[in-house]
Amino acid sequence: MDIEVLYEDNHIIAVNKRNSEIVQGDKTGDEALSDKVKAYIKKKYKKPGDVYLGIVHRIDRPVSGIVLFAKTSKAASRLSKMFLDKEIKKTYWAVVKQLPESDSGRLVHYMIKNEEKNRSSAYDKQKKKSKEAILNYRLASSSANYHLLEIDLETGRHHQIRCQLAKIGCPIRGDLKYGAARSLKGGGINLHARKVEFMHPVKKEPIVITAKTPKEDNLWIEFANMLGKK
């Protein structure tokens with residue numbers, strides 16, 4: 001099947017999303033990752049009829065990396081609550097051209113989503129209808145021209161990492177919407193959902209899932225090699 005499964009048991013399944021895929025069907029009519037996962041489950045387990053799959057979170061279309069799905073309604077409700085209660089630690093990798101002022105830091109902004117433009121804006125002070133956005137970053141590695149930031153999210157706002165990094169003058173490579181100089185082949189951006197850590201919603205065991213970076217991008221490969229990680 002045309003998916004990379006990172007973890008699977010009777011309750012949940014995690015896959016490594018390509019940066020061209022949409023998690024859930026939209027107006028484009030393109031095949032969604034969720035439909036591919038359903039087809040995988042149906043074929044693997046020879047299930048008759050419809051396959052249940054709970055979508056408990058999403059990552060943006062141009063972003064690659066881990067997406068968690070629930071295979072049962074019990075797991076879906078528990079995972080959704082865990083995301084809401086910030087009980088799932090999410091770590092991202094982002095490639096930027098410009099370095100932040102400090103090699104590590106905590107960014108706190110107040111974000112407003114523009115539905116019509118599918119874009120968010122970040123402000124230093126609270127505004128009407130704004131929502132607090134918090135992330136922590138550290139410089140993980142540098143190449144000749146670019147820098148790899150490792151990011152831990154405290155909140156999950158619309159386009160949060162993309163918007164907050166752009167706010168401090170460090171747009172993500174390839175992210176034209178938030179100020180990058182040029183696009184990347186295939187329309188993706190260098191933002192990758194690298195790792196999730198959480199307590200299994202049913203088994204109550206600690207789970208750590210890591211996703212490899214896209215193998216089509218030489219810069220991702222270079223950074224992975226620098227860090228000794230694939």
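Cβ-Cβ contacts under 7 Å between residues 6 or more apart (or on different chains), taken from a first residue in region 94-122 that is loosely packed, with under 14 Cβ neighbours inside 10 Å to a second residue that is part of a loop (DSSP other than H, G, I, E, B) and not aliphatic (A, V, I, L, M), are listed as Gln98/Gly169; Gln98/Cys170.
Would you point out the residue of region 72-93, among those that are assigned to a strand (DSSP E or B) and of a type in the set (D, E, K, R), that is surrounded by the fewest Cβ atoms within 10 Å (Cβ to Cβ)? Out of the qualifying residues, it is Lys89. Against the numbered list (1) out of contact with any Gly (no Cβ under 7 Å at 6 or more places or on another chain); (2) crowded, with 19+ Cβ neighbours inside 10 Å; (3) in a strand (DSSP E or B), Phe69 comes up short only at (1). Only a single item in (1) without any contact (Cβ under 8 Å) to a residue 40 or more places away in the chain; (2) surrounded by fewer than 16 Cβ atoms within 10 Å (Cβ to Cβ) is not met by Ala181, and it is number (1). For region 162-185, name all the residues that are of a type outside the set (Lys, Arg), closer than 13 Å to Asn19 by Cβ and assigned to a loop (DSSP other than H, G, I, E, B). The answer is Gly174, Asp175, Ser183, Leu184.
Counting the residues of region 11-30 that are in a loop (DSSP other than H, G, I, E, B) and within 25 Å of Val196 (Cα to Cα) gives 8.
Note on region 185-208: among residues that are hydrophobic (A, V, I, L, M, F, W, C) and surrounded by fewer than 18 Cβ atoms within 10 Å (Cβ to Cβ), the one that is nearest to Ile172 (Cα to Cα) is Val208.
Every read-out reported here was derived from the displayed coordinates using simple, explicitly stated rules and does not represent laboratory data. Keep in mind it's a predicted model, so treat the numbers as computed, not measured. We place every Cβ from the backbone using ideal geometry, glycine too, and count neighbours over all the protein chains shown.
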